[in-house]
Amino acid sequence: MKMRFFRRISISAVLLLLCAASYGKSGGHPGFFRVFTFGIEGNYIGTAASYRHFNFVSSYGYRVDQRFWRTGYHSNGEFLIHAGFNVSRRVNMSFYTGYSGISRMEHTYPLTLRVTYYFSGEEMERKWFAFADAGPGFYKSSDRMVMSGIFKLGGGYRIPLSLCSSLDFMVSVRNVMTNTSVPDFNTGTQFFISGDNLRRNNAVYLSFVFGIGLTF
């Protein structure tokens with residue numbers, strides 16, 4: 001399933017970029033790439049801390065309520081494609097989607113809106129930038145749809161490759177709020193509490209993100 005999703009995302013990204021490039025070169029819209037932006041982004045995600053709060057009725061009939069912080073480093077990856085437009089010479093708004101790892105055995109398919117501010121308005125000048133990114137993530141787990149809240153805050157450095165393409169290096173902090181599966185420790189960790197017995201199930205993951213992107 002994951003490989004099919006990656007193939008679809010990759011093919012869609014390539015077709016989108018090729019169509020946009022041919023449209024711009026044909027003169028169908030003067031300054032097309034100065035208004036609309038497209039690109040791909042790959043990130044390394046290092047999760048350093050997480051918070052869990054769950055409340056459920058166990059298989060023996062008693063209520064369990066636990067809250068705890070957990071520290072421990074875990075690595076994940078993220079692959080995104082994006083499309084948007086330049087609001088001004090210094091501000092860009094884009095929608096991002098793709099595949100994003102959250103923690104061990106947990107991932108999501110995000111759909112976020114990113115606002116980027118560039119500290120220089122010159123197109124062919126190397127520049128620093130800052131961005132804020134927020135939106136939902138979706139993932140189907142067994143018989144239910146899991147929705148996450150994703151927030152990023154970070155910055156980076158842009159290197160122009162041509163008038164219509166650039167290479168971005170980014171670093172950010174990410175906060176993901178979701179409701180991952182809760183193991184039933186009475187029956188073994190391979191079994192999970194059913195949704196009917198869950199009263200509360202909150203999970204928060206705090207991560208550092210290092211990425212590289214290609215924007216057209």
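The values are calculated or read from the model by the stated rules, or taken from the named source; none is laboratory data. In this text the structure is predicted, and so the values were computed from the model without any measurement. Reconstructed Cβ throughout: ideal geometry from the backbone, glycine too, with neighbour counts over all protein chains shown.
For region 129-164, the set of residues classified as over 17 Å from residue 175 (Cα atoms) and acidic (Asp, Glu) consists of 143 only. Of all residues in region 97-118, those that are in contact with a Ser or Thr (Cβ under 8 Å, 6 or more places away or on another chain) and more than 23 Å from residue 180 (Cα to Cα) total 3. Across region 128-172, the number of residues qualifying as outside any strand (DSSP E or B) and surrounded by 13 or more Cβ atoms within 10 Å (Cβ to Cβ) comes to 1. Can you pull out every residue in region 90-127 that is modelled with pLDDT of 95 or more, exposed (fewer than 13 other Cβ atoms within 10 Å of the Cβ) and either in contact with a helix residue (DSSP H, G or I) (Cβ under 6 Å, 6 or more places away or on another chain) or of a type in the set (Lys, Arg) (or both)? Within region 90-127, 126 is the sole residue that qualifies. Taken over region 118-141, residues that are out of contact with any Gly (no Cβ under 9 Å at 6 or more places or on another chain) and not aliphatic (A, V, I, L, M) amount to 12.
Across region 143-168, what is the total count of residues that are modelled with pLDDT under 95 and in contact with a Phe, Trp or Tyr (Cβ under 8 Å, 6 or more places away or on another chain)? Summing the residues that are modelled with pLDDT under 95 and in contact with a Phe, Trp or Tyr (Cβ under 8 Å, 6 or more places away or on another chain) in region 143-168 gives 7.
Taken together, the residues in region 57-88 that are outside any strand (DSSP E or B) and surrounded by 12 or more Cβ atoms within 10 Å (Cβ to Cβ) amount to 3.
Every test in (1) in contact with a helix residue (DSSP H, G or I) (Cβ under 7 Å, 6 or more places away or on another chain); (2) modelled with pLDDT of 95 or more; (3) farther than 24 Å from residue 124 by Cα; (4) of a type outside the set (Asp, Glu) is passed by residue 56 save one, and that test is (2).
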